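To start, the structure itself, in structure tokens.
The values are calculated or read from the model by the stated rules, or taken from the named source; none is laboratory data. These numbers come from a predicted model, not from an experiment. With ideal geometry, Cβ positions are generated from the backbone for all residues, glycine too; neighbour counts draw on all protein chains shown. What goes into the accessible areas is simple: the full protein's heavy atoms, side chains included, and nothing from ligands, DNA or RNA. Shrake-Rupley method; radii C 1.70, N 1.55, O 1.52, S 1.80 Å.
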Amino acid sequence: MRYKDFPKHDFRRCLLVLVTLEELGARATLHYTAQALECTRAEVLRAIKLAQQQFFVGIDKSGPVYRITSWGVLDRGGVAAALRQVPEDDRLAQIFGKESIVWDRETEADLVNSLADAVAMRRQPKSGREADVYRLSAQLLKTRHRMAADFLDSAARQFHYQAHTVPRPFPDVVKDGLVRDMPRLRNLLEKRLDGVRSW
């Protein structure tokens, strides 16, 4: 699970940092925690300070290593349960459920991560807009990542077939704002599928 699986200002980001600190044990430095969650050290530090100030979580720092000494007003079992119930595949639905998409670095990261996760988990699109982005992404990936492209294209075609809808032409997908920058999207998708962090 990644830090940015949750929307900005979602307290589950903080909970995820706390659980990761606990899991890393003697390796719970800002560097390794950020690496495990695919976020920045500043984001980890903000989450630690938030937990300490607002929920009275006891966190000791010995050298570069952070250790949770008390969960404060939080219930450790409740924290784990809250993180287990998160539908990780809702990021695309959140992006495409909006009438107009505000493209920023976080939205772009959510799109790329969701598409890569969809390939890894063989997740089907939930809407026509999502299926259209699957199709477009398949075209962008077909040279270097043929299997991923084949899955995305097949999933999009299956969605449109079952929904009795017609896929939109690629220029309309771009014009409608579902994708902002195709060369950048291709580059980020290829890097993500190659296992390279881009953010």
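Values computed for the structure shown
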| item | result |
| --- | --- |
| Residues within region 13-67 that are closer than 14 Å to Y3 by Cα, of a type in the set (F, W, Y) and in contact with a strand residue (DSSP E or B) (Cβ under 7 Å, 6 or more places away or on another chain), tallied | 0 |
| Qualifying residue in region 54-65 (condition: modelled with pLDDT of 90 or more, open to solvent by less than 80 Å² (accessible area, probe 1.4 Å) and in a helix (DSSP H, G or I)) | yes |
| Hits in region 1-41 (condition: open to solvent by 60 Å² or more (accessible area, probe 1.4 Å), closer than 20 Å to D60 by Cβ and touching a residue at least 24 places away in the same chain (Cβ under 8 Å)) | E22, A26, R27, H31 |
| When residues of region 94-116 are limited to those that are outside any helix (DSSP H, G or I) and either at pLDDT 80 or above or not aliphatic (A, V, I, L, M) (or both), the one least open to solvent (accessible area, probe 1.4 Å) | W103 |
| Boolean, A155 is at pLDDT 85 or above, crowded, with 17+ Cβ neighbours inside 10 Å and more than 19 Å from the chain's Cα centre (by Cα) | yes |
| Region 173-188, subset open to solvent by less than 60 Å² (accessible area, probe 1.4 Å) and in contact (Cβ under 8 Å) with a residue 40 or more places away in the chain, residue farthest from the chain's Cα centre (by Cα) | V173 |
| Tally, over region 117-147, of residues that are touching a residue at least 40 places away in the same chain (Cβ under 8 Å), farther than 17 Å from D172 by Cα and open to solvent by 10 Å² or more (accessible area, probe 1.4 Å) | 3 |
